[in-house]
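The values are calculated or read from the model by the stated rules, or taken from the named source; none is laboratory data. This is a predicted model, so every value here is computed, not measured. Positions of Cβ are backbone-derived with ideal geometry, glycine not excepted, and every protein chain shown enters the neighbour counts. These area figures cover heavy atoms from the full protein model, side chains too; ligands, DNA and RNA do not enter into them. Shrake-Rupley method; radii C 1.70, N 1.55, O 1.52, S 1.80 Å.
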Amino acid sequence: MAHFKKKQAGTKQEVPTSAMPDVVFMLLFFFMVTTVLREVTLKVKLDLTKANNIEKIEEKRLVSYIYMGPERLPQNKFGEDKIQIDDSIVDDIGAIRNIMYDKLIEEPRLIVSLRVDQNSEFGLLTDVQKELQQAGTFRINYSTKRED
Amino acid sequence: MLLKKRKREGAEINGSSMADIAFLLLIFFLVTTTINVDTGIGMVLPPPLDEEVDPPPIRERNLMNILVNAQGLILMDEQPVSINEVKDKLIEFIDNPTNNEELSISPEAAIVSLKTQRETPYNIYIDMLDEVMSAYKDLRDAASRSNYGVEYARLVENSPQQEQIKDMYPKKISIAEPDS
């Protein structure tokens, strides 16, 4: 009996984790490709409306946003409908055509995404659309959520 | 001494910190970005009207006037309709299968004019635009199925088949200026 020794496996099996950085880089590239760096803080209230016949904008790099809605005032109040482009509220409607024209020069295939609060009146939108026509940016997209 | 073959140690860079760097970058991107789902109704605006030039003459029967007021009441060619009837009436107008003299000559000539008031809320405008787009979608799907056996959405982007269906039912939508 003393001749028999219990044999223990002396070696330890280690799961090779050398592939871990590769997996993480894959996840990283996924996020880099599918997301956009959000830089704009909304100064207006934005409740999007719903629609059925919507299409997804495939080329995200070509998009520029115009936000329209009631202005957020301090103490949770809401003011008049305002237009916001890229972080600042635009008061002068006539200035919009210059701003959009500059953007068009930078990106000829510009798509303008109009994000309008659902209770905003159409009058302001039509003014903005006239400016966009003057600026030459004809491709627009009305942002809506998908209706079920 | 005994000539032992010394096992050559290959130069190895310690790769254990690679995973840490990758995680850091990943967390940075997770925190600062959003998956911005950009869906919406796409449209192409017409070029601005030159004040000197008169717009080209349009035959009355080719034009479908849709008027929406601030309360959401709809008039199609002076007839009051409800939102559910809009799509079917539009399809009948554009396609005109019975060759009714009041309706369009052909789908290529049909123009839909959507006019709202300045006070009309945006969601009502979008609902109307949605109905118009949905009428065109149904027409294009029917044409695509009868010609190619698949839905319009399944046709290859920018292929001659898609262009043909687009030319059969061009989206001639005019967003008219509200009376101030």
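Springs between Cα atoms under 10 Å define the GNM used for chain B, and in it the highest mean-square fluctuation of B:Val156, B:Val53, B:Val44 occurs at B:Val53. Measuring between their Cα centroids, the range B:132-180 and the range B:49-109 lie 17 Å from each other. Using a cutoff of 8 angstrom between alpha carbon atoms and counting only pairs six or more residues apart, the relative contact order for the range B:44-124 works out to 36 percent.
Which whole DSSP H helices in chain B pass both tests: a Cα extent of 30 Å or more along the axis and a mean Kyte-Doolittle value no lower than -1.0?
B:122-148
Could you list, in their original order, any pairs among A:Lys82/B:Lys166; A:Lys45/B:Lys166; A:Lys60/B:Lys115; A:Lys103/B:Lys137; A:Lys45/A:Lys103 whose Cα atoms are separated by more than 26 Å? Intermediate results must be reported in sequence, preceding the final value.
On the way: A:Lys82/B:Lys166 37 Å; A:Lys45/B:Lys166 37 Å; A:Lys60/B:Lys115 31 Å; A:Lys103/B:Lys137 32 Å; A:Lys45/A:Lys103 24 Å.
A:Lys82/B:Lys166; A:Lys45/B:Lys166; A:Lys60/B:Lys115; A:Lys103/B:Lys137, as the Cα separations exceed 26 Å there.
Taken per residue, the accessible surface of the range A:50-146 reaches 51 Å², heavy atoms only and a 1.4 Å probe.
Quick one: which residues, 5 or more positions from A:Val90 or on another chain, have an amide H under 5 Å from its amide H? H modelled 1.01 Å from N in the peptide plane, none for Pro or chain starts. Amide H neighbours of A:Val90: A:Ile83, A:Gln84, A:Ile85.
Averaged over the residues of A:130-142, the number of partner chain Cβ atoms lying within 10 Å of the residue Cβ comes to 4.
Ratio of alpha-carbon Rg to the 2.2 N^0.38 Å globular estimate for the range B:31-121, to two decimals, please.
So the range B:31-121 has a normalised radius of gyration of 1.43.
Put simply, the Cα atoms of the range A:1-103 extend 99, 36, 30 Å along their principal axes, the longest span coming first. The mean number of Cβ atoms from other chains found within 10 Å of a Cβ in peptide B:41-50 is 6, as a whole number.
With respect to chain A, whose longest principal axis is taken over its alpha-carbon atoms, helix A:122-135 is tilted by about 80°. Each peptide in B:101-112, B:54-65 was scored by the mean count of other Cβ atoms within 10 Å over its residues; highest first, the order is B:101-112, B:54-65.
Put simply, the range A:40-82 fits an ellipsoid with semi-axes of 26, 14, 7 Å; these come from the alpha carbon gyration tensor as the roots of five times its eigenvalues, largest first. Distance between the pseudo-spin-label points of B:Lys166 and A:Ala95 (7 Å out from Cα toward the beta carbon): 3.7 nm.
Measuring how big the protein assembly as shown is from its alpha-carbon positions, Rg and Dmax come out at 29.4, 114 Å. The B:Arg118 and A:Arg72 beta-carbon pair, evaluated with R₀ = 25 Å, returns a calculated FRET efficiency of approximately 0.60.
Against chain A, whose longest principal axis is taken from its Cα atoms, helix A:20-34 shows a tilt of about 10°. For the peptide A:53-61, the mean number of other protein chain Cβ atoms found within 10 angstrom of a residue's Cβ is 5.
Once the Cβ-Cβ distance of B:Glu102 and B:Leu30 is raised to the sixth power relative to R0 = 56 Å, the FRET efficiency obtained is 0.40. The Rg/Rh ratio of the range B:60-175, with Rg taken over Cα atoms and Rh as the Kirkwood radius over Cα pairs, comes to 1.00. Label-to-label distance for A:Lys12 and A:Val33 is 3.8 nm, based on points extended 7 Å past Cα in the beta-carbon direction.
Atom-type composition of the exposed protein surface of the protein assembly as shown places 53 percent of the accessible area on carbon and sulfur (1.4 angstrom probe).
Using the C-alpha atoms of the range A:37-148, what convex hull volume per residue, in cubic angstrom, is computed? Before the final figure, lay out each step's value.
Working: hull volume 13.5 nm³, N = 112.
Roughly 120 Å³ of hull volume per residue.
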